[in-house]
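The values are calculated or read from the model by the stated rules, or taken from the named source; none is laboratory data. Keep in mind that what you see is a predicted model, and the values were worked out from it rather than measured. Neighbour counts are summed over all protein chains in view; Cβ atoms, including those assigned to glycine, are modelled from backbone coordinates with ideal geometry.
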Amino acid sequence: MGLVNWEWRGRSAANGAAALLASVAAIALSAQLANAQQAAQPADQTKKADEEKAAPAGATLLDKILVISRTGETAIESLASASHVGQEQLDRRMATTPNEMLLGVPGVAAQADARRVSTSINIRGLQDFGRVAVIVDGARQNFQRSDHGTQSTFYIDPELVKSVDVIRGPVANTYGSGAIGGVVFFDTKDATDFLKPDETWAGSVTGRYESNGKGWTTSASGAYRFNENWDALGNIVYRDYDDYKDGGGDTVKGTGFDVLSGLLKTTIRPTDNSELKLGWVGSSDGWNEISGGVPVNDVDLKSNTFTARYNITDEDKSWLDLHINTSYNKTNLDLTSLVPLKRFDPSTGLPVVLPAGSTSTFDIGTTGIDIWNTSRFETAGIAHELTYGGDWAGDNVKTGGTAGGDSFYTPSGKRNVSGAYIQDKLTWDWLEVIAGLRYDNYSLKDDTHDISGDRVSPRITVGVSPFESAGLAGLQFYGTYAEGYRSPSITETLISGNHPAGVSFPFLPNPNLRPETGKTTEFGINYKQNDILEAGDAFRLKAAYFNNDVDDYIDGVTLSAFDPTSGCPFGPGIPICFQYQNFAKAKIHGFELEGVYDAGWGYAALSASITNGHTISYKDVEADLATILSSQVTAQLGLRFLEDKLTVGGEVQYNGKPKGNPIAEDYTLVNAFASYQATDNLKIDFRADNLFDVKYANPLNLTTAGQPAQPVFAAYEPGITLKLAATMRFGS
């Protein structure tokens, strides 16, 4: 399936664990040799390493500067619903797929169907077709494939990621067009994250085994510092997984995969005030798609992202904080049928048989440029951070293959979206005001259509910190009104042809689709306090209530050929049609909370989110919004021992069924983890996911497919999964 089959693939879990333990022993021996070599280093270098080791890790999980912030804020400082997932959290999660990296982030869910390497992100009930902007190192991930499952997916290996930033709601309107749901920014690793200050080069190797699916992961990293102004990092990851078992002990067909991923990044600092980052992130994935319990398609996916990011900041020139990002992302997905498939011709709707070996291709390229500058100055005692810039992204979609193949239902075409914005952040004593405007423009065309539109979207945020007493000095209240603008996608506008399998009926294009306009009102609090129970501890809390009205919300509808006003013609197959149409609006509201207490002995964190929503047609007919995510409460606890060498802890997450989903059920997951830094060069990690082997399904999958037993679209999630990993690091 896809890439390669290593000779030990398919062995029993016991043999796999034994092989990993042997690898761990070999790595441990290497670590002892490396320690002996380190002992011979000069005394000042050894002392410096000890000081770095004893230094505390950051204050809290909410105190890291958001990479996505254009004014250098942390999550707790931002007057928005923002979250940061850092390297320490990612290491604990030992994520296999992108959705595992987002555990406990309020208001966020990931839908992966049974294709575990393919992920779509949902924020506050909005997903697909660019409603959530997924960005990797500044590059938009706009791959889309029409299907019964997820529509818009992206591909990134968790081993390559050092942090994830999330901003919920259209307040993120400085980060590109269309993000009425929010933005998720994946920042990949740099050489400076890997190299110690006194090292010229360093490397690491990681071996990991997972019990459920007999999964193996091998990762190798290497970094080199050419001089103080130039460094480079490379990382390669290989994963090989069989089908996993759900909590009932049943094997879920089609969930195995193998993937080879890589990262190359170099950072050049031409001057003391400027920096240039050039990067490549790529993956080659393979898996099988299942129908009726047997493999029907071999899937081969290749994704490559190229980025160039330049910034110049001069403290002596407060008006200059310039950033220029350019990117190109290319994703190619090939389907090859493994057996003859019964299909319907996309033009005639008549039955056809695709012979084994028939292909469908999806080739999507996205080019982007993003330029902005922040000028800082004061007027009459009021501090200003004036940010202004513009961005452009272009999608070029080419699909093809055998007539009746899946690619004919993802239309080819081109779409350009662009925008310009200005935003001023004003600060005076206890008052903070953010005011901004964004102009959006789009054009969409194929051989017969040429569609365009534009709009101006405002944002206003007011934050107050009214208290000065010791216990309340860190309390801040804020209120926001923000709008966002999403143009229709190529698929929503141009999809045509006949339904490919099962039964035949037409898809109707809709060139008259109006763009969506998200209008969000949000009220929230930020609270930060240090030295509460003991010296050096910290408490951080963010909470918000939001109401998002999406005017002209776009969703698929079923039309009857018996209705003469519907435009649905009679033809081969059943007398219905499918078309994307505008609804009067979608109304979504909810509450989110995220808090953490951090002290020398450990940390405790709690997050929660409740989201409800429905659509309203132009005939005032209300219906539950199918993409509403579960209500969640996630509690996390970690304890540190042996001078912070050992960390143990766990997570408990309750998931409540979304309102209006008759199939979904409540469920609770319990996870446990342990991490031991045995030496400076050897680290052992262990994790147990779904410790009580709960059988459950993602409600988003159930809503989309309607049947939890269909593995390609609505698989039950993995049962108990034990993970064991060893990482050996070396450098000089």
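Test of understanding: among LEU126, LEU102, which residue is in contact (Cβ under 8 Å) with a residue 24 or more places away in the chain and buried (at least 24 other Cβ atoms within 10 Å of the Cβ)? Selected residue: LEU126, the only one of LEU126, LEU102 that is in contact (Cβ under 8 Å) with a residue 24 or more places away in the chain and buried (at least 24 other Cβ atoms within 10 Å of the Cβ). In region 215-236, the count of residues that are assigned to a loop (DSSP other than H, G, I, E, B) and more than 23 Å from LEU278 (Cβ to Cβ) is zero. Taking first residues from region 140-167 that are under 24 Å from ASN396 (Cα atoms) and partners that are of a type in the set (D, E, K, R) and not in a loop (DSSP other than H, G, I, E, B), the Cβ contacts under 6 Å between residues at least 6 apart in sequence or on separate chains come to ASN142/ASP395. Checked against (1) within 22 Å of LYS162 (Cβ to Cβ); (2) at pLDDT 95 or above; (3) of a type outside the set (S, T, N, Q); (4) buried (at least 16 other Cβ atoms within 10 Å of the Cβ), ASP285 meets all criteria but (2). Here GLY453 meets each of (1) modelled with pLDDT under 95; (2) over 18 Å from ALA179 (Cβ atoms); (3) more than 26 Å from the chain's Cα centre (by Cα) with one exception, condition (2).
For region 302-321, the set of residues classified as hydrophobic (A, V, I, L, M, F, W, C) and either part of a loop (DSSP other than H, G, I, E, B) or modelled with pLDDT under 90 (or both) consists of TRP319, LEU320, listed by residue number.
For SER211, the conditions (1) under 22 Å from LEU278 (Cα atoms); (2) of a type in the set (Gly, Ala, Ser); (3) surrounded by fewer than 24 Cβ atoms within 10 Å (Cβ to Cβ) are fulfilled apart from (1). Restricting attention to region 439-450, and to residues there that are out of contact with any Asp or Glu (no Cβ under 8 Å at 6 or more places or on another chain) and either at pLDDT 95 or above or of a type in the set (Asp, Glu) (or both), which single residue is surrounded by the most Cβ atoms within 10 Å (Cβ to Cβ)? Applying the filter and picking the extreme gives ASP446.
Residues of region 627-665 that are crowded, with 19+ Cβ neighbours inside 10 Å and out of contact with any Gly (no Cβ under 8 Å at 6 or more places or on another chain): ASN655, PRO658, ALA664. Restricting attention to region 326-343, the residues that are hydrophobic (A, V, I, L, M, F, W, C) and either modelled with pLDDT under 85 or under 30 Å from THR307 (Cα atoms) (or both) add up to 2. Among the β-branched types (Val, Ile, Thr) and farther than 30 Å from GLY176 by Cα - does that describe any residue in region 364-382? Scanning region 364-382, I find no residue that is among the β-branched types (Val, Ile, Thr) and farther than 30 Å from GLY176 by Cα, so the answer is no.
Could you check region 678-690 and list, in sequence order, the residues that are under 26 Å from the mean Cα position of the chain (by Cα) and either among the small types (Gly, Ala, Ser) or surrounded by fewer than 17 Cβ atoms within 10 Å (Cβ to Cβ) (or both)?
PHE686, ALA688 - these are the residues of region 678-690 that are under 26 Å from the mean Cα position of the chain (by Cα) and either among the small types (Gly, Ala, Ser) or surrounded by fewer than 17 Cβ atoms within 10 Å (Cβ to Cβ) (or both).
Say whether the condition of being buried (at least 17 other Cβ atoms within 10 Å of the Cβ), within 25 Å of the chain's Cα centre (by Cα) and either under 26 Å from PHE186 (Cβ atoms) or among the acidic types (Asp, Glu) (or both) is met by at least one residue in region 380-389. Checked against the condition, which is being buried (at least 17 other Cβ atoms within 10 Å of the Cβ), within 25 Å of the chain's Cα centre (by Cα) and either under 26 Å from PHE186 (Cβ atoms) or among the acidic types (Asp, Glu) (or both), region 380-389 yields at least one hit.
Taking region 294-312 as the range and being touching a His at 6+ places or on another chain (Cβ under 9 Å) and buried (at least 17 other Cβ atoms within 10 Å of the Cβ) as the test, the residues that pass are ARG309, TYR310, ILE312.
Total residues in region 553-565 satisfying the condition of being within 20 Å of ALA623 (Cα to Cα) and over 26 Å from the mean Cα position of the chain (by Cα): the figure is 4.
For region 592-609, the tally of residues that are within 20 Å of VAL633 (Cβ to Cβ) and in contact with a Pro (Cβ under 9 Å, 6 or more places away or on another chain) stands at 6.
Meeting the requirement of 1 or more residues that are small (Gly, Ala, Ser) and more than 28 Å from ARG415 (Cβ to Cβ), the strands (runs of 3 or more DSSP E) wholly within region 322-391 are 359-379.
Of the residues ARG140, ARG168, the single one that is of a type in the set (D, E, K, R), touching a strand residue (DSSP E or B) at 6+ places or on another chain (Cβ under 6 Å), crowded, with 24+ Cβ neighbours inside 10 Å and under 21 Å from LEU90 (Cα atoms) is ARG168. Looking only at residues in region 531-541 that are in a loop (DSSP other than H, G, I, E, B) and among the hydrophobic types (A, V, I, L, M, F, W, C), the one that is surrounded by the most Cβ atoms within 10 Å (Cβ to Cβ) is ILE532.
The set of residues in region 589-622 that are small (Gly, Ala, Ser) and within 28 Å of the chain's Cα centre (by Cα) comprises GLY590, GLY595, GLY602, ALA604, ALA605, SER607, ALA608, SER609, GLY613.
Within region 402-425, the residues that satisfy the criterion of being farther than 17 Å from SER487 by Cα, surrounded by fewer than 24 Cβ atoms within 10 Å (Cβ to Cβ) and among the hydrophobic types (A, V, I, L, M, F, W, C) are ALA403, ILE422. Screening GLY400, GLY390, GLY404, GLY436 for residues that are touching a residue at least 24 places away in the same chain (Cβ under 8 Å) and touching an Asp or Glu at 6+ places or on another chain (Cβ under 6 Å) leaves exactly one candidate, GLY404. Total residues in region 253-274 satisfying the condition of being in a loop (DSSP other than H, G, I, E, B), surrounded by 23 or more Cβ atoms within 10 Å (Cβ to Cβ) and in contact with a helix residue (DSSP H, G or I) (Cβ under 9 Å, 6 or more places away or on another chain): the figure is 2. Could you list, in sequence order, the residues of region 542-585 that are β-branched (Val, Ile, Thr), outside any strand (DSSP E or B) and either under 30 Å from VAL352 (Cβ atoms) or at pLDDT 95 or above (or both)? Answer for region 542-585, where residues must be β-branched (Val, Ile, Thr), outside any strand (DSSP E or B) and either under 30 Å from VAL352 (Cβ atoms) or at pLDDT 95 or above (or both): just ILE574.
Under the condition of being surrounded by 23 or more Cβ atoms within 10 Å (Cβ to Cβ) and either in a strand (DSSP E or B) or at pLDDT 95 or above (or both), the residues counted in region 489-505 number 1.
Within region 557-607, the set of residues being acidic (Asp, Glu), farther than 30 Å from PRO658 by Cα and touching a strand residue (DSSP E or B) at 6+ places or on another chain (Cβ under 6 Å) comprises just one member, ASP598.
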